[in-house]
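Read-outs throughout are calculated quantities, based only on the coordinates presented, and are distinct from any laboratory measurement. What you see is a predicted model, and the numbers here were worked out from it, not measured in a lab. Cβ placement follows ideal geometry from the backbone for every residue including glycine, while neighbour counts extend to all protein chains displayed.
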Amino acid sequence: MTRRNLASENYAPSTTYKLAVCAILGLLCLVISSAAWGQVLYGTLTGNVTDPSGAVVPNCKVEALNTQTGVTRSTTTDANGVYRFSDLQQGNYKVSISSTGFATVAVDNVAVTVNNIKRADAQLTVAQTQTVVQVNAEQQTLQTDKADVHTDLTNREIENLPIAGSQGRNFQTLLRIIPGAALPAETNSLAGNPQRSIFANVNGQSQTANNTRIDGAQDIYPWLPSNVAYVPPADAIETVNVVTNSFDAEQGQAGGAAMNVQVKSGTNSFHGTAHWFHFDQNFAARDYFQTNTTRFPHKNRNNQNQFGGTFGGPIKKDKLFFFVDYERTTQRQLAGPDTRTLPTAAMATGDFRNLPGNPTIYDPASGDATGAGKQQISCNGVLNVICPNRIDPAATAMIKLLQPSIAKEFATSTLTNNFVGSSTALFNRDSADGKINYVVSDKTNVFGRYSFSKTLVFDPPLLGDAVGDPTNGGQLGNAPGLVQSVGLGATHTFSPNMLLDWNFGFTRLRLGSTFDLTSAKGLNDLKIPGTNDAGTLGDPSLYFGLPGFIFPVGLNLGNAQPANPFVFRDGSYVTGANLSWTRGRHGFRGGIEWNHSQMNHFQPQVGTFNTPRGAFDFNGSSTSLFGGTPTWFNQWADFMLGLSDRSGKAIALQNPNALRWSQWAWYLRDQWQVTPNLTATLGVRWEAYPFGYSDNGKGLRYLDLKTGNVLIGGYGNIPRDDGVDVGSGQFLPRVGFAYRLTSSTVVRTGYGINADSNNWRDFRNAYPANVFVDNITGNSNAIAVTSLTGLNASVASGAKTLPTGVVLTPLPNLSSGVIPLPLNVGTTTIPQPFRRGYIHNFNFMLEQEWKGFVLNTGYVGARGIRPLVQLNMNASPVGTGNAGGLLSQALGKTITGGITGLVPFKNSFYDSMQTKLTRRFHDGSIAGVSWTWSKTIDYADNDDLGSVMFAYPAYWEKGRAVAGFDRTHNISIYGVMQLPFGKGERWAQTGIGNAILGGWQISPLINYLSGLPFSVTCPGALNAVGSSQTCDLVAPFRLLNGKPNRDGICALGDLSCRYFDPSSFAAPLITGNANAHFGNTNRNEFRGPGYFGMNLSLARQIKLTERFALQLRADAINFTNTPHFANPAANNCPGDATHTTNTGVCNTGSPTSTFGAITGGLQPGGFFGPDHGARQIWLAARVTF
């Protein structure tokens, strides 16, 4: 077996020469580079002017009039008869072309959109009696001059398609109609993502590889880059340009999709809207798995409203314009019901008599030091009763807080799951935008935008004053938030051939959840040493509140949330300048851009146990015999005695935990009209990602894999960058060709390289940013590790005296900048040197127009080179455990902490056939269908969000498989269709027919997708650090497609409710390390159920006056109520299943195993991103003027 030492792997560093070249070329691009035809923030208009014989006509005067703002731009055709406008604001234009001896040609309705090139060719006629020739531009034209693969989401689609998410309308829902985009989903809790931002994997790339800008300003969430920081109200958006392949050299930091959101601008006319959308539980169908009226007697209250408006117009006609919008989103929801197990009233007094199963409560004060020989506990001779004077004072205080919940218990046969709690959760969001456009002169334009979104989330504690879990599953208590976004831009024309534009953006994100920070309740009320702010640094109040008390039965008391509290204060900056220059057939453009992100966090999250207030586990071992199986009753008895088998605490060494990083980029590009029918785009981009750092001259915390020491820049002799070599940047070529085969046929092909834009956020939790104290049981599992307050600390007949509370350890001393990593502590690091990956993307597309239909079809592919993954750096061969790990062997010591490497790793592969057919109609109706047939292969999904399933080098290829988000077929059908009745339509144009049938509009949004892959995992003593065990396939895989049980259960042996036959699988037979081995199945070898969803909007437009119109509307989300099933349970093969006998397969063993059965709805965004398919109907009214 070949062993690869990751700790000493050598990557060749970049040279200083490259850095010098980058600096020189970056300077040149600002001095001599020139103007592109298309820009990310603006649109481009170009065309060829010819005479009746087809010869070019130079020196024609060309004017482009924005019919909405009255702003006019002028230029002349060059020697080749070509005219170009490179910086037009999005809008509708009238283009006038005149030349001596020819009639003037006026082209109306020329729609210019951002980051697009609009072509309006003209053939002049000899002037006779008619001096002006009117031409009406077609509303739908071909993409003639750019080779990128993109989709424009128009305001008509955004405003009219049914796009409701969990908290109202969200334009990102329309990612589902983008060819190459996977099913979009929300993720993270309401407190962590109050915008309910939506992500999607695009063209096989990570969900973190998308880059969204609002009017050019980066819209990023540094800590959770799958999300954006701010989602503008749907009615505020003019258009969204989504580029997914063959990116322009101007576009960077995007491997999946580059999205530019254009907020509306004011015009010379006053326009506005007002809207109200409403949804509540009365307009919702039941979830497929909640149709049992005994378990779910009624639907919980869920009252949601979204209302607001827009208004825009002139401040000074033709010069100064404004646009404002406001939207409020509210939800009042009965959260729950959540079922828990609580002690009975008798148990709360220490009485454990007459309980189901007659459990025996043993006295931990008796027995020996191994936990054996304990006697049954008694009080004054009464067995199974704890005397009041032995009940720990901390437990007494918590029980007092718990009494109102205990009073709500109900009887069950096992006295478990005897409490159900519900409470009202709250969500408020107020969002607004304000935008000013100012035409300073015919050469200078400026704009400015300010946006904010203020949020408040309240998730009630399940157990009232005793806290417990959040009832709605998010962050406990109040979680306020405020997002602010600023965008500024300016253009200045030096000459008809030279243009300078500049933009600046700033986003400020402040989120937090600061539940119950009034006092140090663990120290002051419960008298538990070591809890709250004891032994901590910085603001003590962030450690206030109740510690967490954790019971394996599924009960938590106090605040047991490791991620709570949190305070995020993040900022993102971007600024860039671009110079455009047109010369002959060439349109040159170059620019430079700087991005900077700041994270200022308090969230000392270390694993799933330790909390900032302190945490205590009660597994029942103290009141049970050594080798026995503790029950829920033993767990509660341990708590009553104040004896915990594990205690711990998380401490932030610095507050705030500050991270900083920047990205630098420059580019050069030439858009060359090689012939009148062929346009070539040639460009190069350079991007650099220097290593991150902290504030106050300090660096990040970096584990040197060669020494096992953590280096902290800025301390001692350690440089701020920790000496980490991240290279000197990457050159990224971009090439594209567009050929107009005929007036209705265009062939395009493009190629480009994009850098992996992942940032350095994962160093936030690297040791020693957060330090954890973890006191765990030693050799015996029947002796506690600590006493809460010191009562009952003498155990094992006096042979052992337990410490009290959380036993604190000294915090690390950072002064030298070098700290040996404790063997039991986990951290995150990167290889040295760090070779950032990149993505090849390429396409070959054919676009054909025929009788108003436009077909766009072709091949789109991508190759991810060294995508970032999480890789266990101490991975070991099977049967060797921690001692056999790569780092353990290299360093000569057994490492038990989890060492996660963020490693540029292997390659990923994406191949697809993407097809889109669209049609626009005379009345403004639109219809489209897109189909993506694709395959994505990788080793781990979503960059650093996914880990390599088989981490030891010899097993890597076992994990090469289709991606977890791969869907073979993805079909979308959508439209905004005016029904053919009423005035201006085909039928019923007048009279009662018009009154009844006129003005109706139907807007479907339909998706069909193939199923998602899944792995089948099994128990077994694999003893291989960093690797998962898979099952053995012992018979042909048999797909049953059984109907899922609506209660989420499936009896052993019942195949009617199973998706696949469990008897095809068995757990590998492993008797010890000597024969430890993997199962014969691999990662993502099987595929789950498909997906069908249909959103449908039905609306009627009623004209109130000449200017005012009312729209009444109903949006049905999941109109057909088709369940969206999750993949089947494939990780719970009964532990006693082996293939040593004919019956030892995964349909034997545990009678409660649901192995092979579907037991829940789809959650594409995880727990906080459910998409179960139950129908919801939103009712709405909308006024426009």
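Per-residue extension of 0.36 nm, minus the Cα-Cα distance of Asn358 and Phe296, leaves a gain of 19.1 nm for this segment.
Can you compute the label reach from His840? Point 7 Å from Cα along the Cβ direction, backbone N cut-off under 13 Å, restricted to region 908-947. Output list for this probe position: 908-911.
One quarter of the surface of the convex hull around the alpha-carbon atoms of region 294-338 equals 4.4 nm², the direction-averaged projected area. The modelled label-to-label distance for the pair Ala799/Thr608, using points 7 Å beyond Cα in the direction of Cβ, is 3.4 nm.
With a 10 Å Cβ neighbour count serving as the proxy for reagent exposure, in which order, fewest first, do Asp938, Asp152, Asp325 appear?
On the way: Asp938 30, Asp152 17, Asp325 25.
Fewest-to-most ranking of Asp938, Asp152, Asp325: Asp152, Asp325, Asp938.
Contact order normalised by length for the chain, with contacts defined as Cα pairs under 8 Å and 6 or more residues apart; what percent is it? It would help to have the intermediate numbers written out before the result.
Details: 3543 pairs, mean separation 130.1, N = 1185.
Contact order relative to length: 11 percent.
Based on Cα atoms of region 690-818, Rg over Rh with Rh as the Kirkwood radius reads 1.35.
FRET efficiency for the pair Ile996 and Phe853, taken as 1/(1 + (r/R0)^6) with r the Cβ-Cβ distance and R0 = 22 Å, rounds to 0.10.
First select every other residue whose beta carbon is under 12 angstrom from the beta carbon of Phe289; then total the charges, Lys and Arg +1, Asp and Glu -1.
With Lys, Arg at +1 and Asp, Glu at -1, the net is +1.
Show me, bin by bin at 20 Å from 0, the whole-percent P(r) of the chain based on Cα pairs. For the chain, the binned pair fractions read 10, 37, 35, 14, 3, 0, 0 percent. Where the alpha-carbon atoms of region 602-720 are placed on the principal axes, they occupy 87, 47, 29 Å, in descending order. For region 571-616, the pair-distance distribution built from all alpha carbon pairs, in bins 5 Å wide starting at 0, is 5, 13, 13, 9, 9, 8, 8, 7, 6, 6, 5, 5, 3, 2, 1, 0 percent.
Each of Ala1051 and Ala883 was given a label point 7 Å from its Cα along the Cα-to-Cβ line. The distance between the two points is 4.9 nm. Scoring 275-288, 1061-1074 by mean Cβ neighbours within 10 Å over their residues and listing the highest first yields 1061-1074, 275-288.
On full extension of the chain, what length is gained from Ser743 through Thr414, given 0.36 nm per residue of separation minus the C-alpha to C-alpha distance?
Numbers: separation 329, 0.36 × 329 = 118.44 nm, distance 7.73 nm.
Length gained between Ser743 and Thr414: 110.7 nm.
Here's the picture: charge each Lys and Arg Cβ at +1 and each Asp and Glu Cβ at -1 in region 43-136, and of Gly101, Asn59, Ser86 the one pushed furthest to the positive end of that dipole is Ser86.
Using the 10 angstrom Cβ neighbour count as an exposure proxy, how do Leu678, Leu555 rank, fewest first?
The order, fewest Cβ neighbours first, is Leu678, Leu555.
Length gain on complete extension for the stretch Ala1021 to Phe270, per 0.36 nm per residue less the alpha carbon to alpha carbon distance? Don't skip to the end; give the middle numbers.
Details: separation 751, 0.36 × 751 = 270.36 nm, distance 7.16 nm.
Full extension from Ala1021 to Phe270 adds 263.2 nm.
Between region 991-1039 and region 509-523, the C-alpha centres lie 39 angstrom from each other. The long axis of helix 393-406 is offset from the longest Cα principal axis of the chain by roughly 60 degrees. Suppose R0 equals 22 Å. What FRET efficiency, 1/(1 + (r/R0)^6) with r the Cβ-Cβ distance, do Arg1107 and Lys317 give to the nearest 0.05? Efficiency, rounded to the nearest 0.05: 0.75.
Normalising by residue count, region 415-479 has a Cα convex hull of 89 Å³ per residue.
Over the residues of the chain, the helix contribution to mean residue ellipticity at 222 nm works out to -1500 deg cm²/dmol, using -39500 (n - 2.57) for each DSSP H run of at least 4.
Neighbour counts of other Cβ atoms within 10 Å put Ser53, Ser787 in the fewest-to-most order Ser53, Ser787. When the alpha carbon gyration tensor of region 43-136 is reduced to an equivalent ellipsoid, the three semi-axes, largest first, read 22, 14, 10 Å.
Across all Cα pairs in region 962-1036, the calculated P(r) in 5 Å bins from zero up to the longest distance comes to 3, 12, 11, 9, 9, 8, 7, 6, 6, 6, 5, 4, 5, 5, 3, 1, 0 percent per bin. For the residue pairs Lys435/Lys916; Lys400/Lys649; Lys521/Lys649; Lys61/Lys264, the alpha carbons lie more than 26 Å apart in Lys435/Lys916; Lys61/Lys264.
How would you order 877-889, 171-183, 754-766, 1165-1177 from highest to lowest mean count of nearby Cβ atoms within 10 Å?
On the way: 877-889: 20.7, 171-183: 24.7, 754-766: 23.2, 1165-1177: 19.0.
So the order, starting with the most tightly packed, is 171-183, 754-766, 877-889, 1165-1177.
Computed over the Cα atoms of region 274-400, the ratio of the radius of gyration to the Kirkwood radius (Rg/Rh) comes to 1.40.
Working ranking of peptides 382-390, 153-161 by packing, defined as the average number of other Cβ atoms within 10 Å per residue, highest first, is 153-161, 382-390.
Putting +1 on Lys and Arg Cβ atoms and -1 on Asp and Glu Cβ atoms, find which of Ala615, Tyr543, Tyr573 reaches farthest to the positive end of the dipole of region 462-618. Of the listed residues, the answer is Tyr573.
For the pair Thr809 and Asn717, label points projected 7 Å from Cα toward Cβ lie 2.8 nm apart. With a Förster radius of 30 Å applied to the beta-carbon distance between Ser662 and Arg510, the computed FRET efficiency rounds to 0.90. Share of pairwise Cα-Cα distances greater than 27 Å in region 505-646 is 46 percent (whole percent).
Since only Pro1068, His586, Ser662 are under comparison, the one whose Cα sits farthest along the positive direction of the charge dipole of the chain, derived from C-beta charges on Lys, Arg, Asp and Glu, is His586. Relative intensity of region 357-420 on a log10 scale, I(q)/I(0) at q = 0.19 Å⁻¹, equals -0.99, per a Debye sum over C-alpha point scatterers of equal strength in the absence of solvent.
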